[in-house]
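Below you'll find the structure, written out as structure tokens, and then a few comments.
The values are calculated or read from the model by the stated rules, or taken from the named source; none is laboratory data. For clarity, every value in this text was computed on a predicted model and none was experimentally measured. Using ideal geometry, Cβ is built from the backbone for each residue, glycine included, and neighbour counts are taken over all protein chains shown. In case anyone asks, the SASA skips ligands and DNA or RNA and just uses the protein heavy atoms, side chains included. Shrake-Rupley method; radii C 1.70, N 1.55, O 1.52, S 1.80 Å.
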Amino acid sequence: MCKNFSSFGKFKSSPKEICKLFDLTFEIERLEFSGDLPQEYLPEIKALEEKLERQIKRFEINNEIGKRDFLIAPVFSQLFDWVDFELATEKYFDLEDGLRGNIDYVIKGGNEILVVEAKNDDFDGGAIQIIAELVAVGRFEQRSQLFGVVTNGRFWQFYEYNVDQKVIIQDIDFYSFPKESEAVFSNLLEILR
């Protein structure tokens, strides 16, 4: 198999079918995050919400790069003020089994890794692409658990990959941003602490 990550996003298959290629099970469940968010972060979240609302209203952002730069990157910049993590953009992987390509963001924090796939608006293609990316990062990093998120900056959908159990779980919920920004930040903080 010789596939670029981006080509997975163009497959006309379901996430379940793509998981079968990797001998994985695909499930849709509600991922349980604690929802804990320190109160002292709320003013900064509110300020970012207001800034992003102004940008959404005034900027014509109709492609993936614009969404990554103006809607997604500010979230991780804010998060960096609260928790220590390493972030790589356009991280290139080339594995022996043919999985290769650039991943939008690979973030290492605490004991966890978060793989982020920025999409224009294609969440179905993003689901398939994040599966391939989680598999690649899991093999490269030799971790037993990883998290992923597919986002266009306005909507965030989380994933969990349990390597030992060979299962990828897609969160049943989408979180809208800025409306549910506290939940987005809470989930990201829980993963990266």
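Descriptive notes on the structure:
- Test for residue 81: is it more than 17 Å from residue 5 (Cα to Cα), over 15 Å from the mean Cα position of the chain (by Cα) and acidic (Asp, Glu): yes
- Note on the range 131-158: residues that are touching a residue at least 40 places away in the same chain (Cβ under 8 Å) and part of a strand (DSSP E or B) total 3.
- Enumeration of residues in the range 59-97 that are among the aromatic types (Phe, Trp, Tyr), assigned to a loop (DSSP other than H, G, I, E, B) and touching a residue at least 12 places away in the same chain (Cβ under 8 Å): 82
- Leading residue by the ranking (farthest from residue 75 (Cα to Cα)) among those in the range 110-128 that are open to solvent by 10 Å² or more (accessible area, probe 1.4 Å) and outside any strand (DSSP E or B): 124
- Filter result (surrounded by 15 or more Cβ atoms within 10 Å (Cβ to Cβ) and out of contact with any helix residue (DSSP H, G or I) (no Cβ under 7 Å at 6 or more places or on another chain)) within the range 42-65: 56, 64
- Pairing residues of the range 177-193 that are touching a residue at least 40 places away in the same chain (Cβ under 8 Å) with residues that are part of a loop (DSSP other than H, G, I, E, B) and hydroxyl-bearing (Ser, Thr, Tyr), at Cβ distances under 7 Å and at least 6 apart in sequence or on separate chains, gives 190/34.
- The listed residue being farther than 30 Å from residue 54 by Cβ and of a type in the set (D, E, K, R), out of 112, 182: 112
- Extreme residue, surrounded by the fewest Cβ atoms within 10 Å (Cβ to Cβ), among residues of the range 84-108 that are over 17 Å from the mean Cα position of the chain (by Cα) and not small (Gly, Ala, Ser): 96
- Pairs where the first residue, in the range 29-55, is under 24 Å from residue 171 (Cα atoms) and the second is of a type in the set (A, V, I, L, M) and loosely packed, with under 13 Cβ neighbours inside 10 Å, C-beta under 6 Å, 6+ apart: 30/172
- Residues located in the range 170-193, provided they are farther than 12 Å from residue 34 by Cβ and either in a loop (DSSP other than H, G, I, E, B) or in contact with a Ser or Thr (Cβ under 7 Å, 6 or more places away or on another chain) (or both): 172, 173, 174, 177, 178, 179, 180
- Single residue of the range 32-41 satisfying the filter (in a helix (DSSP H, G or I) and open to solvent by 90 Å² or more (accessible area, probe 1.4 Å)) that is nearest to residue 187 (Cα to Cα): 39
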